[in-house]
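Some notes on the structure that comes next.
The values are calculated or read from the model by the stated rules, or taken from the named source; none is laboratory data. These figures come from a predicted structure and were not determined experimentally. Every residue, glycine among them, receives a Cβ derived from its backbone with ideal geometry; neighbour counts consider all protein chains shown.
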Amino acid sequence: MRVSLFLALPLALFACDSGKETGDTADSGDTSDTGDTSDTGTEAFCTDPTPCVDYNGACELSGTYTEDLCLTADKAWLLRGAVTIGDDAATTTLRIEPGTTVYGESAQTSFLAIARHSKIYAEGTAEKPIVFTSDQLDGSRGRGDWGGLALNGLARINGCEDGMDPCVAEAEGGVGQYGGDDDADSSGSIKYVRIEFGGIEISEDNEINGFGLAGVGSGTTVDYVQIHAQNDDCIEFWGGTVSVKHIVCSLPGDDGIDWDFGWTGNFQYGVVLQDGLAGNNGIEADNNEAAHAATPLSNPTLSNITLWGDSSIADSNYGVMLRRGTAGHLANVAVGGFSKACLAIRDQQTYDNFADTAAIDHTVIGCGAAYETGDEDKETMQEEDIFEAEASNQQVADLMLTSASTTSPNLLPKTGSPLLGAGATPSGSFFESADFVGAFGTEDWMAGWTAFPAN
């Protein structure tokens, strides 16, 4: 029998206050500026901290909240089942103090969802990241112990019934509705956050992703997020316009970076690191499975991404899988180690997009097979034609990374690596100047706030 952390440890350890109901909570003022309040005590961070409803030594969160909440780092918080912030109409705000740990209960399907119109401000620091993790004891945790973190926004998507205006859909795993007509919508700010051991399966082919961004708008900030040991995808975008930086996907059970239904944001500095126990594609990119040319077209720009696969994975295991009509600009991407191939492109609409709305440049691949072959490759040799038509792309035998260890990775390129000095920054103010291919040059931005526990 698996034992919950909260059933195994004494109640006093977590310093819950009382059994008061969560009703009178934090004030709904301008929560976007948290400042440097993490070192001045919880009263400074929270005008009105959320009272603790005790459950075996943890502070219980459950159901739907329509009044603001503020979670403090001096308590352990437990998601008991589905927890939703907001009613999909009025604005409800959740604030989380740096250094806070939130546990997902494994005895039932637990997750945290931010409804449309509502916001989350989970802004940790490198020294005090905010952690969402399993309620199981260290050493007994595993993929799929709980669900994950889901943000539902009001930006445009293309995945709904014909004629629906604005387009609105139901998110995977029953975490709420998403979509609308406000591409500048804000769901809040996520910084220095770790999400571990999630991805619970609701039903066959219906799991909750570690970090789901559904119809999330460009007003949302996402920076320095690690999604670790998930049963499903690490991070998935369903439409929307949100842009992200510094994303680490370690030990995914399925895909690392996934998008569908018209995502048009930007992404700079990303890592996907597989182990041999599970995993599918480094990037799996779609527009719309039922209508490959649906608009808004999936057309993000990604730069400075390192995708490192495990060659022992026998199933579909590609570094980059582009299909179902997606477009997009992939720049400065380093791909290696995947068992099937580094690059796979499927479906005619996807190929057609390379005439104008899709591009791969300043990219280096180093897998046993460079391109997809076999029965699923209906357009033989076109991956090679597309990749090698761009003079800045390289096919090499070794990316020369320092260490792809799954317990203490150092993915910086070694001296002499083909990744160093081979990059070029995409246009646009979002992108920082970087002259290297992959997620790293000479600075390891993963250091200090990430963690890679096996269980």
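Being in contact (Cβ under 8 Å) with a residue 60 or more places away in the chain and either under 26 Å from L297 (Cβ atoms) or not aromatic (F, W, Y) (or both) narrows it down to one residue among G199, G174; which is it?
Criteria check complete, one pass: G174.
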Considering residues of the range 406-436 that are in a loop (DSSP other than H, G, I, E, B) and under 21 Å from the mean Cα position of the chain (by Cα) only, the residue surrounded by the fewest Cβ atoms within 10 Å (Cβ to Cβ): S408
Filtered residues of the range 398-417 (kept if in contact (Cβ under 8 Å) with a residue 60 or more places away in the chain and farther than 22 Å from A369 by Cα): T406, P409
Candidates S316, S298, filtered to the one that is modelled with pLDDT of 95 or more and in a loop (DSSP other than H, G, I, E, B): S298
Looking only at the range 278-329, and only at residues there that are among the charged types (D, E, K, R) and within 25 Å of V216 (Cβ to Cβ), the one that is surrounded by the fewest Cβ atoms within 10 Å (Cβ to Cβ): E289
Pairs with Cβ under 9 Å, 6+ apart, first in the range 418-433 and over 26 Å from T264 (Cα atoms), second at pLDDT 95 or above and charged (D, E, K, R): P418/D398; L420/K414; L420/D435; G421/D435
Residues being without any contact (Cβ under 8 Å) to a residue 40 or more places away in the chain and assigned to a strand (DSSP E or B) - total across the range 40-60: 1
